[in-house]
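Asker: Let me begin by handing over the structure; questions about it come next.
The values are calculated or read from the model by the stated rules, or taken from the named source; none is laboratory data. Given the structure is predicted, the values throughout are model-derived calculations rather than measurements. No Cβ is skipped: glycine too gets one built from the backbone with ideal geometry, and neighbour counts run over all protein chains shown. Only protein heavy atoms, including side chains, enter the accessible area calculation; ligands, DNA and RNA are left aside. Shrake-Rupley method; radii C 1.70, N 1.55, O 1.52, S 1.80 Å.
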Amino acid sequence: MAVPVSQAWTVATYVLKQKLMGRKKYPLVLMLEPLFRCNLACAGCGKIQYPAHILKAELTPEDCFNAVEECGTPMVAIPGGEPLLHPQMPEIVAGLVARQKYVYMCTNALLLKEKLHLFKPSKYLSFSVHVDGQREHHDFSVCREGGYDIAMEGVRAAVEAGFRVTTNTTLFDGADPNSVRAHFDELMVAGVESMMVSPGYTYDKAPDQKHFLGRARSKKMFRAILSNRKKTWRFNASPIFMEFLMGKKDLTCTPWGMPTFSIFGWQKPCYLLQDGYADSFKELMETVQWSNYGTESGNPQCANCMVHSGYEASGVNYTFGSIKGLLQTAKAIFFSKYEDDGAMKLLNEWKPVHAGPLVQIAAPGVTPKSTELQEVSGD
């Protein structure tokens, strides 16, 4: 199974409780950003473009615990920035585990191996390692040569130490579906519990705005990747969300499903857009005009979004919204390999795009050696 039975049961009972209480808008996962500082400068991410005084700011453990209690979700994802740069991250994680929250601590794994001893294996803790494909594609995506080898070394070390380890793969235009499928094989061999995959989102602050996928290209790519699925692959995502990526399901965005709390407060309306901040979770839920967001709203900022943080909760809501949803999800979990001759033809005919050289961007706070400009070959 992709997640422990105890976690699946906790999430299922939580969602069913929301349904029985008649709540149409409820959070599924809290996106807790304790800092924006990072030791990478990925061209597809704008977080480190903040000024120095913002990059130095951090949430305290008490800030994190209060946000989790206020939100009430059973699961907490800790993105960044790079969470392992936070000096109190072990304390934050331990406090969330003590509260029996299922924690996905996101990391690029550059520091994972050396900091493993600061954490304890638990069914409530998973290291979610960001690996964007095979070696060449990952290094190109994160703008750092050798990044893949360090990340995979961290993955293997965490697995050997008894930790739950999942992965997060973000795909951009130019990704080769055949390479991505081979990447899934490599992750399964490395012993990861399950994998998450999603198209990238066009952050306004991202230095590279040319390689984000539109909806039509996303569906074509994910149809090629996720059809004719191997039995060995395990995914940490709703089967309905993955069918959405493949163009088999229509979902509406539920931006409230994964609310974000950071040093600025509760981000309006979601993890991907910044339309101001609320002082409390209650204020966030009651003051945001949710109809102004999502593809169906006509908002140009949402036009091409198919990202996990906007639609995973939509898939879960679909599953528990009707008997039909439950049956379709059960079928997808236990019986569907998504056999598709057309998708196989796409794989056989796919021609990789050469993305050209990419110059690494100097990130604040990294060592002189890692800030040297270097060209990394694209795939």
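Asker: Using only DSSP helix segments of four residues or longer, with each worth -39500 (n - 2.57), what per-residue ellipticity at 222 nm results for the chain after dividing by its residue count and rounding to 500? Each step should come with its number before you reach the end.
Answerer: Numbers: 15 runs with 144 residues, N = 379.
Estimated from H runs of four or more residues: -11000 deg cm²/dmol.
Asker: Quick one: Debye curve from the C-alpha atoms of region 166-307, no solvent, what's log10 I(q)/I(0) at q = 0.15, 0.16, 0.17 Å⁻¹?
Answerer: After summing over all Cα pairs, the log10 values are -0.84, -0.94, -1.03.
Asker: Then there's this: Is there a pair in K219/K351; K123/K331; K47/K123 whose C-alpha atoms are over 20 Å apart, and which pairs would that be? Please report the intermediate quantities before stating the final value.
Answerer: Details: K219/K351 17 Å; K123/K331 27 Å; K47/K123 30 Å.
Distance filter (> 20 Å) returns K123/K331; K47/K123.
Asker: Kindly sort F281, F127, F320 by accessible area of their heavy atoms, largest first, with the probe set to 1.4 Å.
Answerer: Numbers: F281 25, F127 0, F320 45 Å².
From most accessible down to least: F320, F281, F127.
Asker: Which far-off residues, 5 or more places away or on another chain, put their amide H under 5 Å from the one on D275, with H placed in the peptide plane?
Answerer: K268, C270
Asker: Between N348 and R215, what FRET efficiency follows from the Cβ-Cβ distance if R0 is 25 Å, with the result rounded to 0.05?
Answerer: Details: r = 24 Å, r/R0 = 0.95.
With a Förster radius of 25 Å, E is 0.55.
Asker: Same structure again: Taking the C-alpha atoms of the chain, how large are the radius of gyration and the largest Cα-Cα span, Dmax, in Å?
Answerer: That works out to 19.6, 58 Å for Rg and Dmax.
Asker: Give me the percent of DSSP beta bridges within the chain that run antiparallel, rounded to the nearest 5. Display every interim value, and only then the final one.
Answerer: Values: 7 of 33 bridges.
Close to 20 percent.
Asker: As a test of reading the structure, rank T232, T166 by solvent-accessible area (1.4 Å probe, protein chains only), most first.
Answerer: Working: T232 80, T166 0 Å².
Reading off the accessible areas and sorting them downward yields T232, T166.
Asker: Right, here's the next one. Roughly how many Å² of V5 are accessible to a 1.4 Å probe, to the nearest 10?
Answerer: Per-residue accessible area (V5): approximately 110 Å².
Asker: Whole number in Å², please: accessible area per residue of the chain, 1.4 Å probe, ligands, DNA and RNA not counted. Before the final figure, lay out each step's value.
Answerer: Values: 16620 Å² over 379 residues.
Here the per-residue accessible area is 44 Å².
Asker: Right, next: What is the gain in length, in nm to one decimal, between Y338 and T287 on full extension, counting 0.36 nm per residue of separation less the C-alpha to C-alpha distance?
Answerer: 14.2 nm
Asker: Here's a follow-up. Lys and Arg at +1, Asp and Glu at -1: add these up for the other residues within a Cβ distance under 11 Å of A161 and post the number. List each step's numbers first, then the result.
Answerer: On the way: positive: K113, K120, R156, R164; negative: E160.
In short, +3.
Asker: Specify which residue in the list T73, L85, H130 is farthest towards the positive end of the charge dipole of the chain, using unit charges on the beta carbon of Lys, Arg (+1) and Asp, Glu (-1), about the Cα centre.
Answerer: The residue sitting farthest along the positive end of the dipole is T73.
Asker: Round to a whole number: what % of the accessible area of the chain belongs to carbon and sulfur, probe 1.4 Å?
Answerer: C and S fraction of accessible area: 54 percent.
Asker: So what's the net charge close to V103: Lys and Arg +1, Asp and Glu -1, counting the other residues with Cβ under 11 Å from its Cβ?
Answerer: Details: positive: R99, K101, K123, R164; negative: none.
With Lys, Arg at +1 and Asp, Glu at -1, the net is +4.
Asker: V3: net charge of surrounding residues, Cβ under 11 Å, Lys/Arg +1, Asp/Glu -1, itself excluded? Spell out each step's value before the answer.
Answerer: Working: positive: K123, R164, R234; negative: E193.
Here the count lands on +2.
Asker: I've got another one for you. Compute the length gained on full extension between K331 and I150: take 0.36 nm times their separation in residues and subtract their Cα-Cα distance, giving the result in nm to one decimal. Please report the intermediate quantities before stating the final value.
Answerer: Details: separation 181, 0.36 × 181 = 65.16 nm, distance 3.77 nm.
So the chain would gain 61.4 nm between K331 and I150.
Asker: Moving to a separate point now. Which values, in whole Å and largest first, are the semi-axes of the equivalent ellipsoid of region 285-346 obtained as the square root of 5 times each eigenvalue of the Cα gyration tensor? Could the numbers behind the result be given before it?
Answerer: Working: eigenvalues 167, 74, 13 Å².
After scaling each eigenvalue by five and taking roots: 29, 19, 8 Å.
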